[in-house]
């Protein structure tokens, strides 16, 4: 099935884990692979009960998922993660996080994506870079 902005969230939500993240697609450009998604805070994502801070695990999952979908949107199909890294810049707090992914290069076999994560006050809280396969499978 061809991956379009119209069916992207249906595909994402077919994964129980991604559905649990409750992502909201805000923008997607199928020509460039640029995409932005919002993830709301939920108690299961807190670093410590009542802290209001996102745990690093959900932030990393957000980075990986949004990076993956940026490449998938560009190559028109699901792709595997090869690797990714996360740099946490400050505590991520607030009602939601916004991840903005930009495909830097999509070659014959590997795509590279930069992902910026912002809190609900538009502060940059984490950055990620992911490598993903570019052969839809």
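In the range 94-137, which residues are free of Cβ contacts under 8 Å to residues at least 40 places away in the same chain, outside any strand (DSSP E or B) and in contact with a strand residue (DSSP E or B) (Cβ under 6 Å, 6 or more places away or on another chain)?
119, 120
Which one is farthest from residue 69 (Cα to Cα) among residues in the range 83-93 that are touching a residue at least 40 places away in the same chain (Cβ under 8 Å) and crowded, with 17+ Cβ neighbours inside 10 Å?
Looking at residues that are touching a residue at least 40 places away in the same chain (Cβ under 8 Å) and crowded, with 17+ Cβ neighbours inside 10 Å, I get 93.
For (1) outside any strand (DSSP E or B); (2) more than 15 Å from the chain's Cα centre (by Cα); (3) over 16 Å from residue 132 (Cβ atoms), each residue gets a yes or a no:
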position: 20; (1), (2), (3): yes, no, yes
position: 44; (1), (2), (3): yes, yes, yes
position: 61; (1), (2), (3): yes, no, no
position: 67; (1), (2), (3): yes, no, no
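If we scan the range 62-79, do we find a residue that is farther than 18 Å from residue 8 by Cα and either out of contact with any helix residue (DSSP H, G or I) (no Cβ under 9 Å at 6 or more places or on another chain) or modelled with pLDDT of 95 or more (or both)? Explain how you work it out, then say what you get.
Of the residues in the range 62-79, the ones farther than 18 Å from residue 8 by Cα are none.
There is no residue in the range 62-79 that is farther than 18 Å from residue 8 by Cα and either out of contact with any helix residue (DSSP H, G or I) (no Cβ under 9 Å at 6 or more places or on another chain) or modelled with pLDDT of 95 or more (or both).
Return the residue satisfying two criteria in turn: it lies in the range 25-38 and is touching a helix residue (DSSP H, G or I) at 6+ places or on another chain (Cβ under 9 Å) and under 14 Å from residue 63 (Cα atoms), and of such residues it is surrounded by the most Cβ atoms within 10 Å (Cβ to Cβ).
Filtering the range 25-38 for residues touching a helix residue (DSSP H, G or I) at 6+ places or on another chain (Cβ under 9 Å) gives 25, 28-37.
This time we only want the ones that are under 14 Å from residue 63 (Cα atoms), so: 25, 34-37.
Numbers: 25: 15, 34: 17, 35: 29, 36: 20, 37: 25.
Among residues in the range 25-38 that are touching a helix residue (DSSP H, G or I) at 6+ places or on another chain (Cβ under 9 Å) and under 14 Å from residue 63 (Cα atoms), the one surrounded by the most Cβ atoms within 10 Å (Cβ to Cβ) is 35.
The values are calculated or read from the model by the stated rules, or taken from the named source; none is laboratory data. As the structure is a computational prediction, the values presented were derived from the model and not from experiment. Please note: Cβ atoms are built from the backbone with ideal geometry, for glycine as well, and neighbour counts cover all protein chains shown.
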